[in-house]
Every structure is written in structure tokens, then in C-alpha cells.
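Down below is the structure, laid out as C-alpha cells.
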Amino acid sequence: MHRGGIVKSLTLGASVAALALPAPAWADTLQEALTEAYLHNPTLLAARAGQRATDENVAIERSAGLPSVTGTASYTEIVEGASTSGPNRFFGAGVDLGVPIYSGGAVRNSIRGAKSRVEAGQADLRGTESSIFTQVVAAYMDVLRGEALTSLSGNQVDVLTVNLQATSDRFEIGDLTRTDVAQSQSRLALAQGDFRNSQANLITARENYIALVGKAPDDLQPPPPLPNLPASVDEAVDYALANNPDLIAAKERAEASSYDIDVAGSGRLPQVSVFAGYDYQNTLNSLRQLDGTVSPIQSGKDAQIGVSLRMPLFQGGRPAALERQAQARSAAALEQVIGAERDTIAQVRSAWSSWQASLAVIESSQVAVDAASLSLEGVRAENSIGSRQILDVLNAEQELLSARVQLVTARRNAYVAGFSLLAAMGRAEARDLGFIGEGLLYDPVENYDRVRGKVWDWDRDPDPVATATSTVDVAAPDASVPEVGENETVSGY
């Protein structure tokens, strides 16, 4: 069957519908695992907090173009050298107002650059979210695969144990040779080693799941079909070039760097501001006249208003150096856009290829499992009448096991590759997957809209607290798997 036929005949949902062993009603689902990670994964929560910090840069840059008001107050006591007629104490207070009028475009372009970096950060947050989800999906599927392989390995040990006992019994009555017994013992020992390795791998997979999700896996159910998978690699690439978050972030940073050039160049231009001030002084009845009497005038005040012009004439080449530096950084940012574009195309094509290959392996492995099962039945029957040796039975059992392991692995790889393809396309986020309710969706734009216009100096947020789930109290996982029969194990994965 050609590759296009494989896509039509094997949907990803069908290929993974049997990825898990039969699970009870209280088993965990992939949606629940993704939800836990979405709400409580520390890496994702830290990325959201980092984006909130980036949001504040717009308000910080805008503040440079807004009026500023400064109040001053002082009290002075002259403790030595005071004249008999002069005051020996002073109290002064004043208010100064400054309003920037023109700064060579520095403020305007700094705000534009900050906004572009906010949009880049929002794209980075999307990328972090899809990356965490991809890791969770891989961990989820690794647990399912580990349980299936452990079950298959344990079943193989049971089969070879029974086979060794039967071989030993037939040796006792002279029906088989010592060589047949040794071959059975060797295969059993190898199977026991594989079983121990599969148990260790299962524990590792469960630990990785706990680290990502924050809770232990509990009889994981088969995952649902993946949505929005592309029909062709060209369609996937075209969509990714418009929606991949890493590429979008690179483009926004390149745009922000172009504003930095103008900000650096503004250091050569004049700066104009309007200022106003009011000052009040009081000698607190310490000012005396020449005759020693207290002066009736003890206080004074003045107010001023004006325009200030600052025109740089020579700064040792600093503005030009800053502008050339900004140009070089902008050039680097533009090259990084091309690099991100290359990476995006490579990721999409690689994920597509892995997905298609895994679907083909699923089909061929299923044929191999069916054929190996039939072959094993025949070899066992022929061995019972003496036309086949014990080694033939052992080889047939090993071939069936290898085919089942390959099928299990291919199903895991197909699902992970399909999800990785969606992530590279920019379709692997909570909004795309639809498992998070509207009230739980985190929208970074809401925080940006909340803080971008704030100008009050004392408008602060509550002190932060960690909200990620701690795994200190999560019990260490073991390598136990649900108890199922041989046929259930095969059909269940």
C-alpha cells in the first residue's frame, strides 16, 4: 500500500485505540493529564509569570514620556557661625513639575519596541505551552508502552516457565534431550532479564510523568484521536510558517530591534521639556532685624515656569556607536528569523516523516503479529507430534514477542509524532485541543491590557506565592501492571 493509502486507511485514533490495558472507570485520561500540567506545571507557570514581567516594559518605557512631579522638604539648623541678625534655622518645601515635549523619538520607539517584545513573549509562551504538552503526551504514551511491554515480558516469562517445566518432564521420560532443556533454560533466563529491564523502564516512565503532571499515573486510558492533522506535508509546512510560535517570536524580536536603532540614534537629537516649580521658605522666627528684634517677614515663596532645550553637540561618538550596535543586533535578529524558519520547516517535515513511518510500521507489525501467532500455533502442534524441535517452538515464541513489541512501540511513536507535528504547526495548545474550559484558559493579553495603562506609583499586585503542585508527598511508583490474560494483553495494546 502506498503512503497516501496508509493515511486514509489508518487514522491516528484507530492506530492508538488499543494503546492501554483495560482500565477501570476511575482511570486517568490524557485530557486530565494535560489539564493538570496546564494548571500546575511549574515550568509553564514560571513562563506565564515571566511574560507578566515583560508586559510591564511597555508601562516602564511610556513613563519616560509622561509628566513627573517631585516634592521636596528640608529643615536646617545652623549650630555654629550664625550671625546675630541672620536666621539660624530654615524650613523649605517645593514642588517641581516636568513635562517632556520632544525626545528625538526615543520614547515613542522604545514603546513600540516594548510592544513588539510583548508579542514575542506571548508567542514564546505559546511555544512553552505546546512544548510542555508534547512532553506530557510523550510521558503518557511512555507509561502506556512501559505497562504493555512489562505485561508482554511477564507473560513471556510465564510461557517459558511452563515450557521449561514441560520440557523437563519430557526429558525425564526420555522424550527429549538435555540440549532441549538447556535451550529452554537459556530462553527463560533471557526473558527474565528482559522483564526486569522493562520494569525499570516502566518506573522511569512513571517518574517522568509525575515530574511533568504532578501526580502519579493511575491506570491510564487510551488517548483520543488527535484533531486537525494535516492531509499533506506541504499543507503542514504552509500552516506552520504562519502559526509556529517560535517563528512568530523571532519575527517580533526582529521588528523590536528595528525600533532600537531609532532609539539609539535619538541620542544626537535635541530634547525639549516644559517645567514649572513652586518653592516656599520659612526661617521659623529666627530672622532678626539690626536692632535685635524679630523681623516681621519670616517666610518667602516663589514660582517659576519655563521651557528647557538640551542640544547635544559632541558626545565622543557614543550615539553613533550605540546606533551601529543596534544595527548589528537588528541584523542578527533578522538572520535568526531565517534560522527559525529553517528549524520550523525541518521540524514539520521530520515529524510528518516519523508519523507516516510509524503508521506504516503499525500496519506491517500487525500483519507480523497475526502471522507469528498462527505460526506459533502450528509449530506447537507439530512439536507435539514430534515433527518440530523445542528450538523451533522457542524461536516462534520469540518472533511473536518481537512482533508485539514492535507493534506496541510503533503505536506509541505514531501518537507522539502526530502530536509533535501539531506542535510544530502551532496547533498543540489548549485552545486548539479543546480540553480546557473557557473559564480556565490563561490569556496573556488580559494581563497586558490590565497593566499597560497604569500610571499610579503605588499600584502594586499582591505578593506572589507558588501555585505549582509539589510532588514531595507522591509515593514512589512501582512496576505493577493490571492483571490480564495473554489475549487481553495483546489486544489491549
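The values are calculated or read from the model by the stated rules, or taken from the named source; none is laboratory data. Computed from a prediction, not measured in an experiment: that's the story for all the values here. Here the Cβ is made from the backbone with ideal geometry for all residues, glycine too, and neighbour counts use every protein chain on show. Heads up: the accessible areas ignore ligands, DNA and RNA and are worked out on the full protein's heavy atoms, side chains in. Shrake-Rupley method; radii C 1.70, N 1.55, O 1.52, S 1.80 Å.
If you take the Cα atoms of the stretch 242-353, find Rg, then find the Kirkwood Rh from the mean of 1/r over all pairs, what is Rg/Rh?
Working: Rg = 29.8 Å, Rh = 20.0 Å.
Radius of gyration relative to Kirkwood radius: 1.49.
Per residue, how much accessible area does the stretch 365-460 have with a 1.4 Å probe, in Å²?
Accessible area per residue: 51 Å².
List the aspartates and glutamates whose alpha-carbon lies under 12 Å from that of LYS215, not counting same-chain residues fewer than 8 positions away?
ASP28, GLU32, GLU36, GLU207, ASP473
Ranked highest first by the average count of other Cβ atoms within 10 Å around their residues, in what order do 382-395, 216-229 fall?
Packing order, densest peptide first, comes out as 216-229, 382-395.
Where does helix 390-425 land angle-wise versus the long Cα axis of the chain, in degrees 0 to 90, nearest 10?
Relative to the chain, helix 390-425 is tipped by roughly 20 degrees.
Which whole-number value in Å² is the accessible area per residue of the stretch 126-198, probe 1.4 Å?
Details: 3210 Å² over 73 residues.
Per residue, the stretch 126-198 has 44 Å² of solvent-accessible surface.
Can you give me the three principal axis dimensions of the stretch 163-274 from its C-alpha atoms, in Å, biggest first?
On the principal axes, the stretch 163-274 reaches 111, 36, 29 Å in Cα extent.
Specify the angular offset, from 0 to 90 degrees and rounded to the nearest 10, of the alpha carbon long axis of helix 233-243 from the longest principal axis of the alpha carbons in the chain.
Between the helix axis and the principal axis of the chain, the angle is about 20 degrees.
What residue among ALA148, SER74, SER258 has its Cα farthest toward the positive end of the dipole of the chain, where the charges are +1 on Lys, Arg and -1 on Asp, Glu, each on the Cβ?
In the chain, that residue is SER74.
Just the number, please: Stokes-Einstein D of the stretch 332-406 in µm²/s, Kirkwood Rh from C-alpha pairs, 4 °C, 1.567 mPa s.
Answer from the Stokes-Einstein relation: 83 µm²/s.
Ranking request for peptides 311-320, 425-434, 100-109: highest mean number of other beta-carbon atoms within 10 Å first, then the rest in descending order.
For the peptides 311-320, 425-434, 100-109, the packing ranking is 425-434, 100-109, 311-320.
Would you mind getting the accessible area per residue of the stretch 230-357, heavy atoms of the protein chains only, 1.4 Å probe, in Å²?
Heavy-atom SASA per residue in the stretch 230-357 reads 60 Å².
Calculate how steeply helix 245-265 sits against the longest principal axis of the alpha-carbon atoms of the chain, using the helix alpha-carbon long axis, and give the answer as 0 to 90 degrees to the nearest 10.
It works out to around 20 degrees.
Roughly how many Å² of GLU438 are accessible to a 1.4 Å probe, to the nearest 10?
Accessible surface of GLU438 is approximately 150 Å².
Which of these values of mean projected area of the Cα convex hull in nm² was calculated from the structure shown: (1) 33.5; (2) 22.6; (3) 38.5?
(3)
Treat every Asp and Glu Cβ in the chain as -1 and every Lys and Arg Cβ as +1, leave all other atoms uncharged, and give the resulting dipole magnitude about the Cα centre to the nearest 20 debye.
1860
Roll a 1.4 angstrom probe over the protein heavy atoms and tell me the percent of accessible area of the chain that is carbon or sulfur.
Ligands and nucleic acids excluded, carbon and sulfur reach 54 percent.
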